[in-house]
1. Which residues, taken from the range 248-279, are touching a helix residue (DSSP H, G or I) at 6+ places or on another chain (Cβ under 8 Å) and of a type in the set (D, E, K, R)?
2. Would you call A128 open to solvent by 20 Å² or more (accessible area, probe 1.4 Å) and either of a type in the set (G, A, S) or closer than 25 Å to I294 by Cβ (or both)?
3. Could you run through the range 194-218 and say how many residues are surrounded by 14 or more Cβ atoms within 10 Å (Cβ to Cβ), within 19 Å of V331 (Cβ to Cβ) and of a type in the set (A, V, I, L, M)?
4. Every residue in the range 252-278 that is outside any helix (DSSP H, G or I), touching an Asp or Glu at 6+ places or on another chain (Cβ under 9 Å) and surrounded by 10 or more Cβ atoms within 10 Å (Cβ to Cβ), please.
5. Consider A335 carefully, then state whether it is open to solvent by less than 20 Å² (accessible area, probe 1.4 Å) and either touching a Lys or Arg at 6+ places or on another chain (Cβ under 7 Å) or of a type outside the set (F, W, Y) (or both).
6. Return yes when D197 is more than 22 Å from K49 (Cβ to Cβ), among the charged types (D, E, K, R) and assigned to a helix (DSSP H, G or I) and no when it is not.
7. Taking the range 207-238 as the region of interest, how many residues are in contact with a strand residue (DSSP E or B) (Cβ under 7 Å, 6 or more places away or on another chain), outside any loop (DSSP other than H, G, I, E, B) and either more than 30 Å from S303 (Cβ to Cβ) or among the β-branched types (V, I, T) (or both)?
8. G123 fails exactly one of the following numbered conditions: (1) surrounded by fewer than 18 Cβ atoms within 10 Å (Cβ to Cβ); (2) assigned to a helix (DSSP H, G or I). What is the number of that condition?
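The values are calculated or read from the model by the stated rules, or taken from the named source; none is laboratory data. Predicted, not measured: the structure shown is a model, and the values here were computed from it. Every residue, glycine as well, gets a Cβ built from its backbone with ideal geometry; the counts of neighbours run over all protein chains shown. Accessible surface is based on the protein model in full, side chains and every heavy atom, while ligands, DNA and RNA are left aside. Shrake-Rupley method; radii C 1.70, N 1.55, O 1.52, S 1.80 Å.
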Amino acid sequence: MSFNTFGHLFRVTTWGESHGPAIGCTVDGCPPGIALTEGDIQPWLDRRKPGQSKFTTQRKEPDEVRILSGVFEGRTTGTPIQLMIENTDQRSKDYGDIAQAFRPGHADITYHQKYGVRDYRGGGRSSARETAARVAAGGVARAALAALVPGLTITGYMVQMGAHAIDRGRFDAGQIGENPFWCPDPVMADTWAAYLDDLRLSHNSVGAVIEVSASGVPAGLGAPLYAKLDSDLAAAMMTINAVKAVEIGDGMAAATLTGVDNADEIRMGPNGPEFLSNHAGGILGGISTGQPVICRFAVKPTSSILTPRQTINAAGEEIDLITKGRHDPCVGIRAVPVGEAMMACVLLDHLLLDRGQTGGQRGQIG
């Protein structure tokens, strides 16, 4: 019961440590006949890889993925797909000082308490380096979704850094890839740059909120009561390193609304039901409505900072600790493609579950 696998039918098992020879994943349950090469997966890894700006860790990893099994002559065979990404820029010596000490805010102390042993080099299994394997798996899921649900798109972006949130009135999807923050608000992107520069130079870090939106999701995905689309989506996002909260649709803000404000009214359109708003985030009763599925998650500040923090060591002695190494001043930046990958994996998983239970049949309206 090591729990390194997620998914019902589309199942992903990740493996490896931050400073080991390689990381990767085994993807099981992908439908056969899907066109897939390393070139279909690599662009998503390129979006997540470190060292692309001064606002992310300066660890230099090419994150080149290799397909070791499950694909023949450019198409999936229906057998397990093994993906591997080599680690090439480890600096394990940076972590010698924490071999016997517990970094505040990290999983060091809980791993030690649970297992009695831990890989202290970069956090080992608890490192955000593990998320590269998720992004690779997400690349497989995207390829399958493109074949099975043409027109489905998944887009992630940062909507808040620290106390500074975007202005939704300036939302421009075309700006998301034009700045280092995946920010749809060009004015706020400039504000974040200056803000994060100051934090970085003062040996500090900050948290962020990421939003992931999936449009073109067919109605009917999700199964009550214990395989709800939103519960599986929330669980998937919560497994991402440093995530502390997840919202679907209006999320916590729904508690401030009245029933008149919150319920998404419905009218009949030329192609079927049309919702007049989307407070529910595209999911009702755990089942997709056909509207965009919208999920947000909060990422805590990076705990590895050069400012001394109070902690203890394995002997129980009280010490002050500075965490050396190369770390993200805002880990939320590189969490954007990770959130997209988890959305892709969950949507494909539920698409396959729905095909297995209903065969894709739908109740007719009108």
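1. Of all residues in the range 248-279, those touching a helix residue (DSSP H, G or I) at 6+ places or on another chain (Cβ under 8 Å) come to 248, 250, 254, 262, 279.
Passing the criteria: only D250.
2. Values: open to solvent by 20 Å² or more (accessible area, probe 1.4 Å): yes; either of a type in the set (G, A, S) or closer than 25 Å to I294 by Cβ (or both): yes.
Taking the combined requirement at face value, the residue satisfies it.
3. Step one: filter the range 194-218 for residues surrounded by 14 or more Cβ atoms within 10 Å (Cβ to Cβ), giving 195-196, 199-200, 204-218.
With the extra rule that they be within 19 Å of V331 (Cβ to Cβ), the set shrinks to 195-196, 199-200, 204-212.
If we keep only those that are of a type in the set (A, V, I, L, M) as well, we get 196, 199, 206, 208-210, 212.
Number of matching residues: 7.
4. Going through the range 252-278, the residues outside any helix (DSSP H, G or I) turn out to be 257-258, 263-278.
Still in the list and also touching an Asp or Glu at 6+ places or on another chain (Cβ under 9 Å): 257, 266-268, 275-278.
Result: L257, I266, M268, F275, S277, N278.
5. Taking the combined requirement at face value, the residue satisfies it.
6. Working: more than 22 Å from K49 (Cβ to Cβ): no; among the charged types (D, E, K, R): yes; assigned to a helix (DSSP H, G or I): yes.
Answer is no for this residue.
7. 6
8. (1)
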